[in-house]
Amino acid sequence: MSAASPASADNAEKVQGQLRPVTTFVFALATGTYAGNLYLAQPLIEMIGQDLEMSTAILGVIVMLTQVGYALGMFFAGPLADITENKRLILISVTCVVIGMLGISFSTTPWMFLAASFFVGISAIGTQIIVPLAANLADDEKRGAQIGTIMAGLLTGIMLARPASSFMASLWGWRAPFLVFAFLMTGIGILLTIYTPRYTPKTRYSYFNLIKSMLVLPLRSDPLRRRCVYQGIAFGVFNMFWTTSSLVLTDQFNLNYQEIALFAIAGAGGALAAPYAGRFADRGLTRIATGSVLIILLISLGLTVPLVHFKYLIVFALTAVIIDAAVQANQVLGQATIYAELPEARARANSMYMTSLFIGAGTGSLIAPAAYDYGGWVMVVSIAAGLVALTTIYWATEYLSAKR
(Lines give C-alpha, C1' and ligand atoms only; values in the text may rest on other atoms or scores of the structure.)
Protein backbone atom coordinates (compact mmCIF):
# COMPACT_ATOMS: atom_id res chain seq x y z
CA MET A 1 0.00 0.00 0.00
CA SER A 2 2.85 2.37 0.71
CA ALA A 3 3.97 2.23 -2.89
CA ALA A 4 0.62 3.56 -3.98
CA SER A 5 0.48 6.33 -1.46
CA PRO A 6 2.57 8.97 -3.29
CA ALA A 7 0.49 8.62 -6.43
CA SER A 8 -2.66 8.96 -4.41
CA ALA A 9 -1.31 12.02 -2.65
CA ASP A 10 -0.34 13.64 -5.97
CA ASN A 11 -3.82 13.10 -7.29
CA ALA A 12 -5.35 14.51 -4.10
CA GLU A 13 -3.34 17.70 -4.54
CA LYS A 14 -4.76 18.18 -8.04
CA VAL A 15 -8.40 17.84 -7.04
CA GLN A 16 -8.47 19.49 -3.60
CA GLY A 17 -10.66 22.55 -3.49
CA GLN A 18 -13.04 21.36 -6.24
CA LEU A 19 -15.92 20.74 -3.82
CA ARG A 20 -18.01 23.78 -4.78
CA PRO A 21 -21.16 24.73 -2.79
CA VAL A 22 -23.47 23.56 -5.60
CA THR A 23 -21.65 20.23 -5.73
CA THR A 24 -21.93 19.87 -1.95
CA PHE A 25 -25.68 20.53 -2.20
CA VAL A 26 -26.16 17.98 -4.99
CA PHE A 27 -24.10 15.42 -3.06
CA ALA A 28 -26.19 16.01 0.08
CA LEU A 29 -29.42 15.67 -1.91
CA ALA A 30 -28.15 12.54 -3.67
CA THR A 31 -26.95 10.77 -0.53
CA GLY A 32 -30.24 11.55 1.22
CA THR A 33 -32.30 10.10 -1.62
CA TYR A 34 -29.98 7.11 -1.95
CA ALA A 35 -30.18 6.31 1.76
CA GLY A 36 -33.94 6.83 1.82
CA ASN A 37 -34.35 3.88 -0.54
CA LEU A 38 -32.99 1.57 2.15
CA TYR A 39 -35.59 2.57 4.74
CA LEU A 40 -38.86 2.87 2.83
CA ALA A 41 -39.98 -0.61 3.86
CA GLN A 42 -39.22 -0.21 7.57
CA PRO A 43 -42.56 1.35 8.66
CA LEU A 44 -44.54 -0.76 6.16
CA ILE A 45 -43.50 -4.28 7.10
CA GLU A 46 -46.97 -5.26 8.34
CA MET A 47 -48.72 -3.81 5.26
CA ILE A 48 -46.28 -5.49 2.85
CA GLY A 49 -46.47 -8.76 4.75
CA GLN A 50 -50.26 -8.85 4.59
CA ASP A 51 -50.41 -8.02 0.88
CA LEU A 52 -47.72 -10.51 -0.18
CA GLU A 53 -48.80 -13.10 2.42
CA MET A 54 -45.50 -13.19 4.28
CA SER A 55 -45.20 -14.98 7.61
CA THR A 56 -44.35 -13.03 10.76
CA ALA A 57 -40.87 -14.59 10.80
CA ILE A 58 -40.07 -13.05 7.41
CA LEU A 59 -41.09 -9.50 8.40
CA GLY A 60 -37.73 -8.79 10.04
CA VAL A 61 -35.99 -10.08 6.90
CA ILE A 62 -37.68 -7.37 4.78
CA VAL A 63 -35.50 -4.62 6.23
CA MET A 64 -32.49 -6.84 6.96
CA LEU A 65 -32.05 -8.01 3.35
CA THR A 66 -31.71 -4.48 1.97
CA GLN A 67 -29.15 -3.62 4.62
CA VAL A 68 -27.19 -6.85 4.21
CA GLY A 69 -27.17 -6.24 0.46
CA TYR A 70 -25.84 -2.75 1.12
CA ALA A 71 -23.10 -4.11 3.37
CA LEU A 72 -22.06 -6.64 0.71
CA GLY A 73 -22.10 -3.96 -1.96
CA MET A 74 -19.94 -1.71 0.20
CA PHE A 75 -17.48 -4.51 0.86
CA PHE A 76 -17.10 -5.85 -2.67
CA ALA A 77 -17.83 -2.78 -4.84
CA GLY A 78 -17.14 0.26 -2.65
CA PRO A 79 -13.33 -0.17 -2.75
CA LEU A 80 -13.42 0.21 -6.55
CA ALA A 81 -13.57 3.96 -5.95
CA ASP A 82 -9.86 3.79 -5.03
CA ILE A 83 -8.92 2.49 -8.49
CA THR A 84 -11.77 3.45 -10.86
CA GLU A 85 -13.14 6.76 -12.13
CA ASN A 86 -15.67 7.72 -9.44
CA LYS A 87 -18.33 9.49 -11.49
CA ARG A 88 -18.86 6.44 -13.70
CA LEU A 89 -19.30 4.19 -10.65
CA ILE A 90 -21.86 6.56 -9.14
CA LEU A 91 -23.97 6.73 -12.31
CA ILE A 92 -23.93 2.94 -12.73
CA SER A 93 -25.12 2.68 -9.13
CA VAL A 94 -27.98 5.14 -9.74
CA THR A 95 -29.17 3.14 -12.76
CA CYS A 96 -29.18 -0.13 -10.84
CA VAL A 97 -31.08 1.41 -7.91
CA VAL A 98 -33.81 2.67 -10.26
CA ILE A 99 -34.15 -0.83 -11.77
CA GLY A 100 -34.35 -2.40 -8.30
CA MET A 101 -36.94 0.08 -7.04
CA LEU A 102 -39.14 -0.62 -10.05
CA GLY A 103 -38.71 -4.33 -9.32
CA ILE A 104 -39.99 -3.82 -5.78
CA SER A 105 -42.89 -1.69 -7.00
CA PHE A 106 -44.16 -4.44 -9.31
CA SER A 107 -43.46 -7.44 -7.06
CA THR A 108 -46.24 -9.98 -6.84
CA THR A 109 -44.62 -12.63 -4.62
CA PRO A 110 -42.53 -12.49 -1.41
CA TRP A 111 -39.46 -13.78 -3.24
CA MET A 112 -39.70 -11.15 -5.98
CA PHE A 113 -39.92 -8.45 -3.32
CA LEU A 114 -37.02 -9.82 -1.28
CA ALA A 115 -34.79 -10.33 -4.33
CA ALA A 116 -35.44 -6.80 -5.58
CA SER A 117 -34.83 -5.40 -2.07
CA PHE A 118 -31.49 -7.21 -1.91
CA PHE A 119 -30.56 -5.84 -5.34
CA VAL A 120 -31.39 -2.28 -4.25
CA GLY A 121 -29.17 -2.73 -1.20
CA ILE A 122 -26.21 -3.89 -3.27
CA SER A 123 -26.74 -1.12 -5.84
CA ALA A 124 -27.10 1.73 -3.35
CA ILE A 125 -23.36 1.88 -2.64
CA GLY A 126 -23.15 5.06 -4.74
CA THR A 127 -23.88 7.07 -1.62
CA GLN A 128 -20.67 5.81 -0.03
CA ILE A 129 -18.67 6.51 -3.18
CA ILE A 130 -19.91 10.09 -3.03
CA VAL A 131 -18.76 10.65 0.56
CA PRO A 132 -15.06 9.67 0.12
CA LEU A 133 -15.08 11.47 -3.25
CA ALA A 134 -16.18 14.61 -1.42
CA ALA A 135 -13.35 14.06 1.09
CA ASN A 136 -10.88 13.92 -1.80
CA LEU A 137 -12.29 17.09 -3.37
CA ALA A 138 -12.47 19.11 -0.13
CA ASP A 139 -9.76 21.33 1.36
CA ASP A 140 -8.11 19.85 4.46
CA GLU A 141 -9.23 22.61 6.82
CA LYS A 142 -12.87 22.37 5.70
CA ARG A 143 -13.18 18.62 5.19
CA GLY A 144 -14.99 17.80 8.44
CA ALA A 145 -17.59 20.54 8.03
CA GLN A 146 -18.25 19.72 4.36
CA ILE A 147 -18.53 16.00 5.04
CA GLY A 148 -20.86 16.87 7.93
CA THR A 149 -23.10 18.84 5.56
CA ILE A 150 -23.28 15.93 3.10
CA MET A 151 -23.92 13.49 5.93
CA ALA A 152 -26.70 15.76 7.21
CA GLY A 153 -28.35 15.27 3.82
CA LEU A 154 -27.83 11.52 4.00
CA LEU A 155 -29.18 11.23 7.52
CA THR A 156 -32.13 13.52 6.79
CA GLY A 157 -32.96 11.21 3.90
CA ILE A 158 -32.90 8.20 6.22
CA MET A 159 -35.25 9.87 8.67
CA LEU A 160 -37.65 11.49 6.18
CA ALA A 161 -37.93 8.27 4.16
CA ARG A 162 -39.94 6.64 6.93
CA PRO A 163 -42.63 9.31 7.32
CA ALA A 164 -42.78 9.87 3.56
CA SER A 165 -43.19 6.13 3.06
CA SER A 166 -45.92 5.89 5.72
CA PHE A 167 -47.79 8.89 4.32
CA MET A 168 -47.72 7.73 0.68
CA ALA A 169 -48.62 4.18 1.65
CA SER A 170 -51.63 5.38 3.65
CA LEU A 171 -52.92 7.21 0.55
CA TRP A 172 -51.95 4.98 -2.38
CA GLY A 173 -50.75 1.66 -0.96
CA TRP A 174 -47.33 0.30 -0.04
CA ARG A 175 -46.01 0.22 -3.64
CA ALA A 176 -46.30 4.00 -4.11
CA PRO A 177 -43.18 5.01 -2.09
CA PHE A 178 -40.94 2.69 -4.08
CA LEU A 179 -42.29 3.93 -7.41
CA VAL A 180 -41.91 7.59 -6.37
CA PHE A 181 -38.32 7.03 -5.26
CA ALA A 182 -37.52 5.33 -8.55
CA PHE A 183 -38.46 8.58 -10.31
CA LEU A 184 -36.58 10.66 -7.70
CA MET A 185 -33.42 8.61 -8.28
CA THR A 186 -33.76 9.22 -12.02
CA GLY A 187 -33.72 12.96 -11.35
CA ILE A 188 -30.77 12.57 -8.99
CA GLY A 189 -28.88 10.75 -11.74
CA ILE A 190 -29.35 13.74 -14.05
CA LEU A 191 -28.04 16.15 -11.40
CA LEU A 192 -25.05 13.97 -10.66
CA THR A 193 -24.24 13.75 -14.37
CA ILE A 194 -24.13 17.55 -14.54
CA TYR A 195 -22.39 18.47 -11.26
CA THR A 196 -20.10 15.58 -10.29
CA PRO A 197 -16.43 16.29 -11.13
CA ARG A 198 -14.46 13.46 -12.67
CA TYR A 199 -11.95 11.88 -10.31
CA THR A 200 -9.65 9.05 -11.38
CA PRO A 201 -7.39 7.72 -8.59
CA LYS A 202 -3.75 7.10 -9.43
CA THR A 203 -3.60 4.04 -7.19
CA ARG A 204 -3.05 0.83 -9.17
CA TYR A 205 -4.16 -2.49 -7.71
CA SER A 206 -5.69 -5.64 -9.12
CA TYR A 207 -9.15 -6.27 -7.70
CA PHE A 208 -7.84 -9.15 -5.58
CA ASN A 209 -5.06 -7.03 -4.09
CA LEU A 210 -7.52 -4.18 -3.55
CA ILE A 211 -9.79 -6.35 -1.39
CA LYS A 212 -6.77 -7.87 0.34
CA SER A 213 -5.39 -4.43 1.20
CA MET A 214 -8.81 -3.37 2.52
CA LEU A 215 -9.08 -6.39 4.82
CA VAL A 216 -5.81 -5.58 6.56
CA LEU A 217 -6.69 -1.92 7.14
CA PRO A 218 -8.50 -2.55 10.48
CA LEU A 219 -5.53 -4.64 11.64
CA ARG A 220 -3.11 -1.82 10.88
CA SER A 221 -5.27 1.10 11.98
CA ASP A 222 -6.56 1.24 15.55
CA PRO A 223 -8.71 4.35 14.80
CA LEU A 224 -10.49 2.52 11.95
CA ARG A 225 -10.97 -0.60 14.05
CA ARG A 226 -12.43 1.37 16.93
CA ARG A 227 -14.65 3.47 14.68
CA CYS A 228 -16.10 0.32 13.10
CA VAL A 229 -17.07 -0.93 16.56
CA TYR A 230 -18.37 2.42 17.86
CA GLN A 231 -20.66 3.13 14.95
CA GLY A 232 -21.51 -0.47 14.09
CA ILE A 233 -23.08 -0.83 17.54
CA ALA A 234 -24.62 2.66 17.51
CA PHE A 235 -26.21 2.13 14.10
CA GLY A 236 -27.50 -1.29 15.12
CA VAL A 237 -29.17 0.34 18.13
CA PHE A 238 -30.52 3.10 15.86
CA ASN A 239 -32.21 0.45 13.70
CA MET A 240 -33.53 -1.43 16.71
CA PHE A 241 -35.18 1.79 17.88
CA TRP A 242 -36.79 2.70 14.57
CA THR A 243 -37.76 -0.83 13.53
CA THR A 244 -39.85 -1.26 16.68
CA SER A 245 -40.93 2.36 17.25
CA SER A 246 -43.77 1.99 14.75
CA LEU A 247 -44.96 -1.07 16.68
CA VAL A 248 -44.81 0.65 20.08
CA LEU A 249 -46.50 3.77 18.69
CA THR A 250 -49.35 1.59 17.43
CA ASP A 251 -49.62 -0.63 20.51
CA GLN A 252 -48.99 1.88 23.31
CA PHE A 253 -50.03 5.22 21.81
CA ASN A 254 -52.71 4.02 19.34
CA LEU A 255 -51.28 6.09 16.47
CA ASN A 256 -52.24 5.52 12.83
CA TYR A 257 -49.84 5.60 9.84
CA GLN A 258 -50.13 9.36 9.32
CA GLU A 259 -49.44 10.05 13.01
CA ILE A 260 -46.48 7.67 13.02
CA ALA A 261 -45.18 9.58 9.99
CA LEU A 262 -45.31 12.83 11.97
CA PHE A 263 -43.37 11.18 14.79
CA ALA A 264 -40.65 10.12 12.34
CA ILE A 265 -40.47 13.64 10.87
CA ALA A 266 -39.65 14.90 14.36
CA GLY A 267 -36.81 12.38 14.50
CA ALA A 268 -35.29 13.85 11.34
CA GLY A 269 -34.30 16.91 13.38
CA GLY A 270 -31.39 14.88 14.69
CA ALA A 271 -29.63 15.31 11.34
CA LEU A 272 -28.85 18.91 12.32
CA ALA A 273 -26.12 17.53 14.59
CA ALA A 274 -24.01 16.26 11.67
CA PRO A 275 -22.43 19.57 10.52
CA TYR A 276 -21.60 20.49 14.14
CA ALA A 277 -19.94 17.12 14.66
CA GLY A 278 -17.82 17.82 11.58
CA ARG A 279 -16.70 21.12 13.07
CA PHE A 280 -15.70 19.39 16.32
CA ALA A 281 -13.61 17.00 14.22
CA ASP A 282 -11.94 19.91 12.39
CA ARG A 283 -10.99 21.35 15.80
CA GLY A 284 -9.39 18.08 16.99
CA LEU A 285 -12.07 17.26 19.57
CA THR A 286 -13.14 13.93 18.08
CA ARG A 287 -12.31 11.71 21.06
CA ILE A 288 -14.15 13.66 23.75
CA ALA A 289 -17.08 14.30 21.40
CA THR A 290 -17.38 10.56 20.75
CA GLY A 291 -17.58 9.73 24.45
CA SER A 292 -20.16 12.46 24.94
CA VAL A 293 -22.50 11.21 22.23
CA LEU A 294 -22.24 7.60 23.44
CA ILE A 295 -23.21 8.65 26.97
CA ILE A 296 -26.06 10.81 25.64
CA LEU A 297 -27.29 7.84 23.56
CA LEU A 298 -27.20 5.54 26.60
CA ILE A 299 -29.13 7.96 28.84
CA SER A 300 -31.70 8.72 26.13
CA LEU A 301 -32.43 5.05 25.52
CA GLY A 302 -33.01 4.50 29.23
CA LEU A 303 -35.41 7.44 29.40
CA THR A 304 -37.67 5.97 26.72
CA VAL A 305 -38.84 3.17 29.05
CA PRO A 306 -40.75 5.40 31.52
CA LEU A 307 -41.82 7.71 28.68
CA VAL A 308 -43.50 4.81 26.87
CA HIS A 309 -44.92 3.38 30.11
CA PHE A 310 -46.54 6.68 31.10
CA LYS A 311 -47.40 7.56 27.48
CA TYR A 312 -45.54 10.88 27.28
CA LEU A 313 -45.65 11.07 23.49
CA ILE A 314 -44.18 14.55 22.97
CA VAL A 315 -41.21 13.90 25.25
CA PHE A 316 -40.74 10.49 23.62
CA ALA A 317 -40.52 12.25 20.23
CA LEU A 318 -37.96 14.73 21.61
CA THR A 319 -35.91 11.84 22.98
CA ALA A 320 -36.01 10.24 19.53
CA VAL A 321 -34.47 13.44 18.12
CA ILE A 322 -31.64 13.22 20.68
CA ILE A 323 -31.03 9.53 19.91
CA ASP A 324 -30.82 10.30 16.19
CA ALA A 325 -28.54 13.28 16.77
CA ALA A 326 -26.15 11.19 18.88
CA VAL A 327 -25.92 8.38 16.31
CA GLN A 328 -25.54 10.77 13.40
CA ALA A 329 -22.89 12.87 15.13
CA ASN A 330 -20.97 9.69 15.95
CA GLN A 331 -21.02 8.69 12.29
CA VAL A 332 -19.56 11.99 11.11
CA LEU A 333 -16.89 11.89 13.83
CA GLY A 334 -15.96 8.41 12.68
CA GLN A 335 -15.68 9.34 9.02
CA ALA A 336 -13.66 12.45 9.77
CA THR A 337 -11.26 10.29 11.79
CA ILE A 338 -10.68 7.62 9.18
CA TYR A 339 -10.37 10.09 6.29
CA ALA A 340 -7.67 11.94 8.22
CA GLU A 341 -5.86 8.76 9.30
CA LEU A 342 -5.94 6.94 5.93
CA PRO A 343 -5.86 9.57 3.14
CA GLU A 344 -4.36 7.14 0.61
CA ALA A 345 -7.16 4.58 1.12
CA ARG A 346 -10.30 6.60 1.84
CA ALA A 347 -12.68 4.49 -0.25
CA ARG A 348 -11.38 1.23 1.21
CA ALA A 349 -11.44 2.58 4.77
CA ASN A 350 -14.94 3.93 4.19
CA SER A 351 -16.03 0.56 2.80
CA MET A 352 -14.83 -1.26 5.91
CA TYR A 353 -16.45 1.39 8.11
CA MET A 354 -19.80 1.34 6.32
CA THR A 355 -19.81 -2.46 6.03
CA SER A 356 -19.52 -2.65 9.82
CA LEU A 357 -22.37 -0.12 10.15
CA PHE A 358 -24.76 -2.09 8.00
CA ILE A 359 -23.84 -5.41 9.54
CA GLY A 360 -24.88 -3.75 12.80
CA ALA A 361 -27.97 -2.28 11.14
CA GLY A 362 -29.04 -5.59 9.62
CA THR A 363 -28.53 -7.40 12.92
CA GLY A 364 -30.47 -4.74 14.82
CA SER A 365 -33.34 -4.83 12.33
CA LEU A 366 -33.49 -8.63 12.53
CA ILE A 367 -33.48 -9.03 16.32
CA ALA A 368 -35.63 -6.01 17.21
CA PRO A 369 -39.04 -7.45 16.18
CA ALA A 370 -38.24 -10.74 17.97
CA ALA A 371 -37.15 -8.87 21.11
CA TYR A 372 -40.30 -6.76 21.03
CA ASP A 373 -42.48 -9.83 20.55
CA TYR A 374 -40.78 -11.55 23.48
CA GLY A 375 -40.48 -8.75 26.02
CA GLY A 376 -41.97 -5.57 24.57
CA TRP A 377 -40.25 -2.19 24.53
CA VAL A 378 -38.39 -2.91 27.77
CA MET A 379 -36.63 -5.88 26.17
CA VAL A 380 -35.67 -3.87 23.07
CA VAL A 381 -34.25 -1.02 25.17
CA SER A 382 -32.44 -3.40 27.54
CA ILE A 383 -30.56 -5.03 24.67
CA ALA A 384 -29.83 -1.71 22.98
CA ALA A 385 -28.66 0.02 26.16
CA GLY A 386 -26.49 -2.93 27.11
CA LEU A 387 -24.71 -2.76 23.76
CA VAL A 388 -24.15 0.99 24.06
CA ALA A 389 -22.82 0.56 27.61
CA LEU A 390 -20.23 -1.96 26.40
CA THR A 391 -19.27 0.38 23.56
CA THR A 392 -18.81 3.25 26.01
CA ILE A 393 -16.49 1.10 28.14
CA TYR A 394 -14.48 0.29 25.00
CA TRP A 395 -14.25 4.02 24.20
CA ALA A 396 -13.05 4.67 27.77
CA THR A 397 -10.02 2.45 27.15
CA GLU A 398 -9.07 4.72 24.24
CA TYR A 399 -9.62 7.87 26.29
CA LEU A 400 -7.59 6.63 29.28
CA SER A 401 -4.70 5.41 27.14
CA ALA A 402 -4.53 8.81 25.41
CA LYS A 403 -4.37 10.51 28.81
CA ARG A 404 -1.27 8.57 29.89
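Per-structure values
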read-out	value
Test result for Gly49, buried (at least 24 other Cβ atoms within 10 Å of the Cβ) and not charged (D, E, K, R)	no
Helices (runs of 4 or more DSSP H) (entirely within the range 63-177) containing at least 3 residues that are closer than 30 Å to Leu52 by Cβ and open to solvent by less than 10 Å² (accessible area, probe 1.4 Å)	86-105, 110-123, 143-172
Among (1) over 29 Å from Ser55 (Cβ atoms); (2) at pLDDT 95 or above; (3) surrounded by fewer than 21 Cβ atoms within 10 Å (Cβ to Cβ); (4) of a type outside the set (S, T, N, Q), the one test that Ala402 misses	(2)
Residue among Arg220, Arg204 that is open to solvent by 60 Å² or more (accessible area, probe 1.4 Å), at pLDDT below 90 and over 21 Å from Ile125 (Cα atoms)	Arg204
Number of positions in the range 240-255 that are assigned to a helix (DSSP H, G or I) and either aliphatic (A, V, I, L, M) or surrounded by fewer than 22 Cβ atoms within 10 Å (Cβ to Cβ) (or both)	6
Number of positions in the range 36-62 that are outside any helix (DSSP H, G or I) and not acidic (Asp, Glu)	6
Lone unmet requirement of (1) under 24 Å from Ala264 (Cβ atoms); (2) more than 16 Å from the chain's Cα centre (by Cα); (3) not basic (Lys, Arg) for Thr337	(1)
Enumeration of residues in the range 366-399 that are farther than 15 Å from Leu297 by Cβ, among the hydroxyl-bearing types (Ser, Thr, Tyr) and either open to solvent by 60 Å² or more (accessible area, probe 1.4 Å) or at pLDDT 95 or above (or both)	Tyr374, Thr397, Tyr399
Residue identified as touching a Pro at 6+ places or on another chain (Cβ under 8 Å) and of a type outside the set (Asp, Glu) among Ile296, Ile314, Ile322, Ile265	Ile265
Residue pairs meeting the criteria (Cβ under 7 Å; at least 6 apart or on separate chains; first touching a residue at least 60 places away in the same chain (Cβ under 8 Å), in the range 233-246; second acidic (Asp, Glu) and open to solvent by 10 Å² or more (accessible area, probe 1.4 Å))	none
Of all residues in the range 73-108 being of a type in the set (A, V, I, L, M, F, W, C) and without any contact (Cβ under 8 Å) to a residue 60 or more places away in the chain, the one that is farthest from Ile188 (Cα to Cα)	Ala77
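The values are calculated or read from the model by the stated rules, or taken from the named source; none is laboratory data. The model shown is predicted, which means the values in this text are computed figures rather than measured ones. Positions of Cβ are backbone-derived with ideal geometry, glycine not excepted, and every protein chain shown enters the neighbour counts. Heads up: the accessible areas ignore ligands, DNA and RNA and are worked out on the full protein's heavy atoms, side chains in. Shrake-Rupley method; radii C 1.70, N 1.55, O 1.52, S 1.80 Å.
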